[in-house]
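Right, one structure below, let's go through it.
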Amino acid sequence: MTTSKLFLRSMKKNIKLYYLYFFSMIFSISLYYIFATLQHDPAVAEMTDLTSGFSNAFLAAGILLIVIIIVFTIYANSIFLRRRSQEIGLYQMIGLSKSWVTRFLILEQVVLGFGSLLLGMAMGALLSRFFLVVLIKLIGIETVAGLPFSLTATIQTVVVFTMLMVITITQIIRLVSRNSLLDLFRAEKQKDPIKKPNTMFSGLLVIVSVGLISFGYYVSGIMLDDIETLLQNMLLVLSSTILGTYLLFRVTIGWLFYQYRKKRNGNLGLKNSLSIATLMHRMKGNANSLTLITVLSAMTITMVSLAYSLYYSVENDSRLSMPFDFAMENMEATAQSFLLNLDKEDVTYHHYQIESLQLTGNISEQERVILLFPAEQLQKAGINVEVPPNGEAVYYNSRALIEGMNDKDQKDVHLGNAETLLITDTVLKNVMNVSFYGDQLVISEDMFGKLAAEFTDEEALNIVYDTFQIEKDGEREKASDIYALLPQERLMTDYYSMYQGAIQMNGLFIFVTAFLGLVFLISTGSILYFKQMTEAEQERQYYKTLRQLGFSENQLMQGIVLKQIYVYCIPLVIGLLHAIFALKVGSVMVISSIIFPSLIGISVYVIIYLLFAILTVSYYRKIVKSVI
């Protein structure tokens, strides 16, 4: 056989066996090309009206994308080369030199990689406009811009591809040059030896692994109590959780399997022999990859769920922060002008005036600016509040969780003239738009009148807020445009402008995290699939022997399915636990409940993730069917 025929035959065989590897590479390159295209397209940046944040978001996403593609390439290519170790050994056995084998493999990798690059960029170019439309829908912009060819994005993608080629070529050179023929023929069959673990030492490491993870969870629950040590606590949580996860896979799970095997006196039966026994052979060797998969799963679930929660809750959170569509402070003339303009444009609205006192007070030994509002006037304006008894107040703050003011304990408010109010409750919403500075306390109108009479003009500022509620949702944009034409010297932002800004910001956030999450998911699923596909080939002879002994295909598949449940579900469940605690910390960014949107994000991730398990079971079934 000539070298050219050997080359073509080898490429055809590798594409057939590792179609998912090349598909993942093509998919990753196409996504990176899309990111680069959107990042460098000036029309897109101009549309968003957030050029700096938009560019920075895509730059950060691009860097993360490069990192995960490199990690995925290293893991996938190492599995790919290990699977071909016997083939490489055979080339040397028939007399071909190591340098020839190295050049042959490098040429093959470059050709296949270059094909992946061309197909990936072609797919990216075709899908760029689709993703642009998705982005536009998410950020609420109706204009659809063109997306011309980007030379910068093309060069950037080629540079990233060149980095990947350097990595894979380095791996090829290391494999061929550093391994003997015996090492190459043994590489594919390497397993962890099953030996009786040191009971005390293994038991201690089990306790350490669980303790590290539990400690990370505990610190994550209190890390927001002290903002000054937030960064140190974050690093502490990450390091303890990741190390605990590694020990969990390295020691704990194997130790538990060993204890189960010991309890059964080694009589595992066919199903457990095909699942637990095979995992015991390889658990230590797979600890690194399983830890990586677990951490990536936790990161992906957290990012996607939090991003969707923020986007899902934009309207509700904006309304909790901005109870009125428009509000003006001591601007009666401007309010009247705005009112006339609304009438002129036939915009239906409700106008209310609400009194307030602004003064300095002391809450929990902290000096703060306080806004006092009479509950009865707020009720007339359509705000749902209770009237507190005289001498008591209710604290309203939509940002209380972030500011650490969300405790429900009763506390005293000491006002400037030695008057004291008792805060009986804290509510996570505002009674006046968040743009006005001060802690918002609601008291009875009788108490408000008493305090207004007691304080002098130097001690308290009397404020009258002119508030407007637009009756029809479809008229808010028109009213916002009218509001923008008023003199802007003292005007605060309105509800519609704040809502649109939040939609754009969170729409961009979910766009970026969704695509990063998709790459993370494809990478983690592919790594597991490659490993299981390799193990299936290694165990082919075992399945043939079992079939010859009379065991049916279904009996073998029961054990194989149980093994895949362990392989795919253990990292998934641990990753979900990590993500749940991370989401608990991130929930302070969302005023509304994140349970429902988080469940949606988790469900989507789990469904796509388990598709790889189905593919793996299908591959094993083909192996089992083909042995006889």
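Give the average over all directions of the projected area of the C-alpha convex hull of the range 78-132, one decimal, in nm².
One quarter of the hull surface, i.e. the mean projection, equals 4.8 nm².
For a quick check of understanding: with a 1.4 angstrom probe and all protein chains in place, what accessible area in square angstrom does Asp317 have, to the nearest ten?
Solvent-accessible area, nearest 10 Å²: 20 Å².
Testing the spin-label approximation: label points 7 Å from Cα along Cα→Cβ at Arg399 and Ile207. State their distance in nm.
4.6
Given a cut-off of 26 Å, name the pairs among Lys98/Lys284; Lys271/Lys531; Lys284/Lys625; Lys472/Lys584; Lys262/Lys563; Lys271/Lys622 whose C-alpha atoms lie farther apart than that in the structure shown.
As for pairs spanning more than 26 Å Cα to Cα, those are Lys98/Lys284; Lys284/Lys625; Lys472/Lys584.
Could you check how much of the accessible area of the chain is carbon and sulfur, as a whole percent, using a 1.4 Å probe?
62
How far apart, in nm, are the 7 Å Cα→Cβ label points at Ile628 and Asn316?
Reported label-point gap for Ile628 and Asn316 is 5.7 nm.
Evaluate E = 1/(1 + (r/R0)^6) for Ile155 and Val133, where r is the Cβ-Cβ distance and R0 equals 30 Å; express this FRET efficiency to the nearest 0.05. Please list the in-between numbers first.
Values: r = 25 Å, r/R0 = 0.84.
The formula returns an efficiency of 0.75 here.
Compute the Rg/Rh shape ratio of the range 234-276: radius of gyration over Kirkwood radius, all on alpha-carbon atoms.
Reported Rg/Rh, Kirkwood definition of Rh: 1.24.
Determine the principal axes of the Cα atoms in the chain, then give the extent along each, sorted from largest to smallest and rounded to whole angstroms.
On the principal axes, the chain reaches 101, 62, 41 Å in Cα extent.
For Tyr465, Tyr566, give me the order by solvent-accessible area with a 1.4 Å probe, most accessible first, ignoring ligands, DNA and RNA.
Result, largest first: Tyr566, Tyr465.
With runs of 4+ DSSP H residues as the only contributors, calculate the mean residue ellipticity of the chain at 222 nm using -39,500 (n - 2.57) per run, divided by the residue total and rounded to the nearest 500. Can you show the working numbers first?
Numbers: 24 runs with 420 residues, N = 628.
When only DSSP H runs of four or more count, the value is -22500 deg cm²/dmol.
Treating the Cα atoms of the range 264-325 as identical point scatterers in vacuum, please give the log10 of the normalised Debye intensity I(q)/I(0) at q = 0.12, 0.14, 0.27 Å⁻¹, two decimals.
-0.59, -0.66, -1.02
May I ask for the equivalent-ellipsoid semi-axes of the range 433-518, computed as the square root of five times each C-alpha gyration tensor eigenvalue and listed largest first in whole Å?
Values: eigenvalues 270, 72, 34 Å².
Semi-axes, largest first: 37, 19, 13 Å.
Whenever you get a sec, line up Ile560, Ile570 from highest to lowest accessible area (probe 1.4 Å, protein heavy atoms). Write down the numbers at each step before the final one.
Details: Ile560 0, Ile570 40 Å².
If we order Ile560, Ile570 from most to least accessible, we get Ile570, Ile560.
If you average 1/r over all unlike Cα pairs in the range 323-445 and invert the result, what Kirkwood radius do you get in angstrom? All intermediate terms of the calculation are to be shown ahead of the outcome.
Working: mean 1/r = 0.0643 Å⁻¹.
The answer is 15.5 Å.
Just read off the accessible area of Met93 with the full protein assembly in place, 1.4 Å probe, to the nearest 10 Å².
Probe radius 1.4 Å; accessible area of Met93 about 120 Å².
In Å², and per residue, what accessible area does the chain have when probed at 1.4 Å with the other protein chains present?
Details: 29920 Å² over 628 residues.
Per residue, the chain has 48 Å² of solvent-accessible surface.
From the gyration tensor of the Cα coordinates in the range 469-628, what semi-axes in whole Å does the equivalent ellipsoid have, largest first, with each one equal to sqrt(5λ)?
On the way: eigenvalues 606, 41, 32 Å².
Each semi-axis is the square root of five times an eigenvalue, giving 55, 14, 13 Å.
The values are calculated or read from the model by the stated rules, or taken from the named source; none is laboratory data. No experiment lies behind these values; they were computed from the predicted model shown. Please note: Cβ atoms are built from the backbone with ideal geometry, for glycine as well, and neighbour counts cover all protein chains shown. Side chains are part of the model used for accessible areas, which takes the heavy atoms of the whole protein and leaves out ligands, DNA and RNA. Shrake-Rupley method; radii C 1.70, N 1.55, O 1.52, S 1.80 Å.
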